[in-house]
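Where a number appears in this text, it was derived from the coordinates with a stated rule and is not lab data. Quick caveat, the model's predicted, so the values are computed rather than measured. For neighbour counting, all protein chains shown are included, and Cβ atoms are generated from backbone atoms with ideal geometry for every residue, glycine included.
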Amino acid sequence: MLTTEGPDQYFSEEHVAMRAAMRKFVAAEITPNIEAWEEAGRVPRETYRKAGEIGLIGVSYPEELGGLGGDPFMAIAVNEEICRCGSGGVVAALGSHAISMPLVVAHGTEEQKRKFVAPVVAGEKIAALAVTEPGGGSDVAALRCRAVRDGDHYVVNGEKTFITSGVEADVLTVAVRTSDDAGAGGISFLIVEGDTPGLQRTALKKMGWHASDTGHLVFDNVRVPAENLLGAEGRGFMAAMLNFNNERLMIAVQAYIMAEVCFQEALSWARDRQAFGKPISQHQVIRHKLVDMAARIDAAKTLVYDIVWRHARKLDPINVHVARTSMAKVTATAAMKFCADEAVQILGGMGYMRGTASERIYREVKVLTIGGGTDEVMKNLAAAQMGI
Ligand SMILES: Cc1cc2nc3c(=O)[nH]c(=O)nc-3n(C[C@H](O)[C@H](O)[C@H](O)COP(=O)(O)OP(=O)(O)OC[C@H]3O[C@@H](n4cnc5c(N)ncnc54)[C@H](O)[C@@H]3O)c2cc1C
């Protein structure tokens, strides 16, 4: 199976050094605390600060905002290492900035970047993206949360749901309808501070990702300064769509690493566990399961690397990039689903017990085939981009 330990055609010496630093950080500061954070339903603020200090949060942000200005393979190396902790909830909590703040970097004013992005990069503040509504998430152009201009403010009324870090977030990029245009043209983004009066936030209970808070938000006459409009009015839909590409690639990274965590746990168990006079890894059916897992991980990983490598060199037209990214998300999450299922099976009864990574990851599979664009929406998008 493809390993990424040394420099190769994708990862430089610098990437490898960063990977090693992250692996150490994850082993010392994250992995030992997962069970406690899963119980608590949150990652402590102190960990965000430590993650900010070491560059885990800021890897892809510009240096003038406190980031490392890392290239896409630096981002992959860092993401792979955080995902090796084996808790998607921790990854989602520490990573919710990555679906929110890039919008501000891409479309914000210098003042917005300084005020909102820099503290998040430093790990002092938590960021969230709020697009999905109780009425639906896939059809972004149909969202209803309304923002009406009133002097030097917008007044926001409506609801958002399933928002990662929605309760904890200090700053939220919120998709709103700012005109009577009922479709994509009426959508804008506002930056809303978490403590703004009229914003009510409730934590939702869910199947997995227990270390991450998932919030339901109600906006009741929330007054947002007009200077918090992100980019131009009515341009929010395209901004959201472009923002999705990176999110989907990073979900694919998370999926194949979680699959790899399952593989490693199953392999180690299969080598130790004896049945019918020999380690179960020596039974052909189990060996085949392990190879089937490795093959799927390899395919997903190399697909993501190839997409990122070609995109960095502008080798593909945007429709090809979007189609391959959509297919990579589906491929990688399918690999994770397969590997989580097989790992639990190989662990037998132990795979059903709390405390194994495979049990946790088994409960975390579904969210990755839904969040950031469902499998069905990914395939629709890929088909449209390929002219099918
Ligand atoms: C744990 C978690 C965290 C999340 N975090 C965030 C977040 O931080 N910010 C945020 O904005 N959202 C977040 N989401 C929401 C997520 O993006 C949405 O759940 C997702 O986009 C799907 O929207 P929906 O749940 O409303 O399902 P719907 O859009 O109602 O879809 C329901 C079903 O219909 C299918 N479907 C819809 N349209 C079509 C079609 N054209 N063809 C075929 N099938 C179709 C879907 O694939 C799905 O199976 C999160 C969700 C979860 C579960």
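Here Trp309 clears all of (1) buried (at least 21 other Cβ atoms within 10 Å of the Cβ); (2) more than 16 Å from the ligand (Cβ to nearest atom) except the condition numbered (1).
Check region 334-345 and report whether any residue there is under 18 Å from Glu260 (Cα atoms), within 15 Å of the ligand (Cβ to nearest atom) and out of contact with any helix residue (DSSP H, G or I) (no Cβ under 6 Å at 6 or more places or on another chain). Yes, the conditions are met somewhere in region 334-345. Tell me, yes or no, whether region 138-151 has at least one residue that is surrounded by 24 or more Cβ atoms within 10 Å (Cβ to Cβ), more than 30 Å from Gln9 (Cβ to Cβ) and more than 13 Å from the ligand (Cβ to nearest atom). For region 138-151, residues surrounded by 24 or more Cβ atoms within 10 Å (Cβ to Cβ), more than 30 Å from Gln9 (Cβ to Cβ) and more than 13 Å from the ligand (Cβ to nearest atom): present.
The residue list Ala75, Ala118, Ala51 contains one member that is crowded, with 17+ Cβ neighbours inside 10 Å, in contact (Cβ under 8 Å) with a residue 12 or more places away in the chain, under 14 Å from the mean Cα position of the chain (by Cα) and assigned to a helix (DSSP H, G or I), which is Ala75. Per the listing Ile126, Ile99, the residue uniquely touching a residue at least 40 places away in the same chain (Cβ under 8 Å), closer than 25 Å to Phe11 by Cα and within 17 Å of the chain's Cα centre (by Cα) is Ile99.
The residue that is surrounded by the most Cβ atoms within 10 Å (Cβ to Cβ), counting only those in region 236-284 that are farther than 17 Å from His321 by Cα and in contact with a His (Cβ under 8 Å, 6 or more places away or on another chain), is Ala275. Only one of the listed residues (Val285, Val291, Val344, Val367) is closer than 25 Å to Ala240 by Cα and part of a helix (DSSP H, G or I). That residue is Val367. Counting only residues that are part of a strand (DSSP E or B) and within 12 Å of the ligand (Cβ to nearest atom), region 158-175 holds 10 of them.
Looking across region 1-57, the residues that are among the hydroxyl-bearing types (Ser, Thr, Tyr) and under 19 Å from Ile257 (Cα atoms) come down to Thr3, Thr4, Tyr10, Thr31.
Counting the residues of region 62-92 that are over 25 Å from Met336 (Cβ atoms) and either in contact with a His (Cβ under 7 Å, 6 or more places away or on another chain) or of a type in the set (D, E, K, R) (or both) gives 3.
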